[in-house]
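Working notes, beginning with the structure itself.
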Amino acid sequence: MTVRAGTIPVAAPADPRARERLLLLAGPLGWIALFLVVPCLLIGIYSLFERGTYGGIEWNFTFENFRRAADPLYFGILIKSLWIAGLATAIALLVGYPAAFLIATSPERWQKLLLVLAVLPFWTNYLIRSYAWIVILNREGAINNLLRGLGLTSEPLPLLYNEFAIVLGLVYAYLPFMILPLYAAISRLGADLIEASTDLGADGWRSFRRIILPLTLPGIAAGSIFVFVYSLGNFITPDLLGGGRTVMVGNLIYDQFLTARDWPFGAALAFILIGIMMGLLTLQAFLINRARRIGTYD
Amino acid sequence: MTALIAIRELAKSFGPVPALADVSLDIRENEFFALLGPSGCGKTTLLRILAGFEMPDRGSVTLDGKDLVAIPANRRPVNMMFQSYALFPHMTVAGNVSYGLEMEGVKGPELARRVRDALAMVQLEPVAGRKPHLLSGGQRQRVALARALVKRPRLLLLDEPLAALDKKLREQMRIELKRIQHDTGITFLVVTHDQEEALVMADRIALMDRGAVAQLGSPRELYDRPATRFVAGFIGMSNVLEGRATAGGVAVAGLGALPATGEGIAPGAPVSLTIRPERVRLVAGGGGQVAGKITGIAYLGQDLLLQIGLPGRADPLVARLASGHPLADGLREGMAVSCDWAAADARMLTE
């Protein structure tokens, strides 16, 4: 009888590096458990009890907080937040795609510089950048002064403290999150695929629609979900640029915890928000996995 | 035969580096033409100009007498098979093949029929519904070929079509490409750095060196009558002996007068004598023109490669003889041997 190696059922030898790997993973896993899983559990638990009179929790089990979140007043804010985040995402995509395309197709030595320029705003404090927008957008701000100076408008345009200012602020803040994954997807595409499409008779538009767009879809999904998720949870931009009048769900949660001292209701709203975001991030992971499987992403 | 493509004084530089220096050549209707040369010789640049991906600095290219350079890449009756294959990963095999026809506006039953025919030609019907990442390297290569052929271009460009295949498949596909070219009657222009590939497949070869055509001719012409030392060295193996031309051959220092032929070379001119290893004959019992000692024997199956050390020369003379040669069995390293060749088999080259 001949015995071939690998056909004998023996116990798999212990991977000598398994212990090392576990040790290396322990740090990050511990970090995630402590600062992500535990707070989420706490939020989940808080959302299922009654509020204390001066903040904190009364340990009486209830679904009241979730029922209250469905109230038209709060539900409306959630819908409006989804709308604003969606609008910001759409605009970021329309602005970010051509930018990413330009960067990915420019000469190699320019690409790094252009990427750094795209990411540069990140190196400045978020609050300072938001205040800068107030300086630019207000009634006596740079844009209004310029328009009046040119005689294009007589009255200052209402650019600040409205939905427009919030969307602008969100697009500005999160555009790099759109550009980076799109850049990665477009530069992975390879010039030869576009050349092949041209060679087979496609003009620029048809090459874009049939080849470039479908193959950069994972990048579009990744960038869009990043911008959407960050926008949906943002409360600083609506607060500063929305003037407190247009409230997003982030502000609502902030208020429940710090002003209204209704922790359980704030926790319920946060839990709903986390649920939406987790759903979207799972979708993103799924889309990228699928693209990887069919070889359009690596 | 009529010229399908006429290339005249075509020049192209990338920065200070000239990639093409005034290249002129004709590609005939229905021929299998090979652009052969080492990397950086300009063959790929010429291919990309024909495809429309690069614009020449100077010169002209016409197809059927019409200016080709003025036509945008997507409207040229020219298709290309990419070295990387450049298959669309999100489309099936059939989708890849039908893409070019869809761009032409071919629809319905005609589209289906032509895609089916193209796939049948390269024996890919069973995998028509698969995505490229599920195919073997050989299958991908066939998809790329079918995709480029299905539009029935006037000229098919093939950029190193066999480079990514393993040796055995590469040898099969040479014959296969030749068959497909014959069956379709489409003019093939193949770019390759593999001289054997060019010799086997092409009707004519343009051997390129540093942006210019070093020699243009049939495989036989290039092999038997190389015009320059570069051609003799690039195509096949050659022994090169430097010397001066005499009435009936070449006078080589230390070896005396050796037989060779060359046209229009003045006696006394410095020349190189080139002789193919398989043209070197072993002479039994001495008395040949060149005597030396065997310094190495390589057994190649049907042939033997002998390295013969010559007195006072660093490079050995290489001789190739059939394993069945009457002297073959008795050969040993260190043995003294004598050899010669026919004057017609040795070429005198001045460049």
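The values are calculated or read from the model by the stated rules, or taken from the named source; none is laboratory data. Note that the coordinates shown come from a computational prediction; the quantities given were computed from them, not determined experimentally. As a convention, Cβ positions derive from the backbone with ideal geometry for all residues, glycine included, and neighbour counts pool all protein chains shown.
For (1) farther than 30 Å from A:A268 by Cβ; (2) touching a residue at least 40 places away in the same chain (Cβ under 8 Å); (3) buried (at least 18 other Cβ atoms within 10 Å of the Cβ), each residue gets a yes or a no:
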site	(1), (2), (3)
A:A196	yes, no, yes
A:L213	yes, no, no
A:P218	yes, yes, yes
A:V229	no, yes, yes
A:G243	no, yes, no
A:V249	no, yes, yes
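If the requirement is being without any contact (Cβ under 8 Å) to a residue 40 or more places away in the chain and either under 21 Å from A:I220 (Cα atoms) or in contact with a strand residue (DSSP E or B) (Cβ under 7 Å, 6 or more places away or on another chain) (or both), which of these qualifies: A:G190, A:G149, A:G169? Before you say what the answer is, go through the steps one by one.
Values: A:G149 fails: either under 21 Å from A:I220 (Cα atoms) or in contact with a strand residue (DSSP E or B) (Cβ under 7 Å, 6 or more places away or on another chain) (or both); A:G169 fails: without any contact (Cβ under 8 Å) to a residue 40 or more places away in the chain.
Exactly one residue qualifies, and that residue is A:G190.
Of everything in the range A:165-201 that is outside any helix (DSSP H, G or I) and under 20 Å from B:Q83 (Cβ atoms), the residue that is farthest from the other protein chains (Cβ to nearest Cβ) is A:G190. Filtering the range B:48-88 to residues that are more than 8 Å from chain A (Cβ to nearest Cβ), part of a helix (DSSP H, G or I) and within 25 Å of B:E102 (Cβ to Cβ) leaves B:R48, B:L50. Do we find a residue being small (G, A, S) and touching a helix residue (DSSP H, G or I) at 6+ places or on another chain (Cβ under 6 Å) anywhere in the range B:101-115? Looking for residues that are small (G, A, S) and touching a helix residue (DSSP H, G or I) at 6+ places or on another chain (Cβ under 6 Å), one finds none in the range B:101-115, hence no.
Within the range B:89-104, if we keep just the residues that are within 9 Å of another protein chain (Cβ to nearest Cβ) and hydrophobic (A, V, I, L, M, F, W, C), the residue that is surrounded by the most Cβ atoms within 10 Å (Cβ to Cβ) turns out to be B:L101.
For the range B:11-41, taking the residues that are hydroxyl-bearing (S, T, Y) and over 16 Å from B:M55 (Cβ atoms), the one that is surrounded by the most Cβ atoms within 10 Å (Cβ to Cβ) is identified as B:S24.
Which of (1) at pLDDT below 95; (2) buried (at least 21 other Cβ atoms within 10 Å of the Cβ); (3) within 21 Å of the chain's Cα centre (by Cα) is the odd one out, the single condition B:F188 does not satisfy? Condition not satisfied by B:F188: (1). Considering the conditions (1) at pLDDT 90 or above; (2) of a type in the set (A, V, I, L, M, F, W, C); (3) farther than 24 Å from B:R225 by Cβ, B:A319 is excluded by exactly one of them, (3). All of (1) part of a loop (DSSP other than H, G, I, E, B); (2) farther than 30 Å from B:L199 by Cβ; (3) in contact with a strand residue (DSSP E or B) (Cβ under 8 Å, 6 or more places away or on another chain) hold for B:G100 with one exception: (1). Could we say that A:P107 is of a type outside the set (K, R) and in contact (Cβ under 8 Å) with a residue 40 or more places away in the chain here? Judged against the criteria, A:P107 is not a match. Across the range A:20-72, the qualifying residues are those that are part of a loop (DSSP other than H, G, I, E, B) and among the polar types (S, T, N, Q), and the one among them that is surrounded by the most Cβ atoms within 10 Å (Cβ to Cβ) is A:S47.
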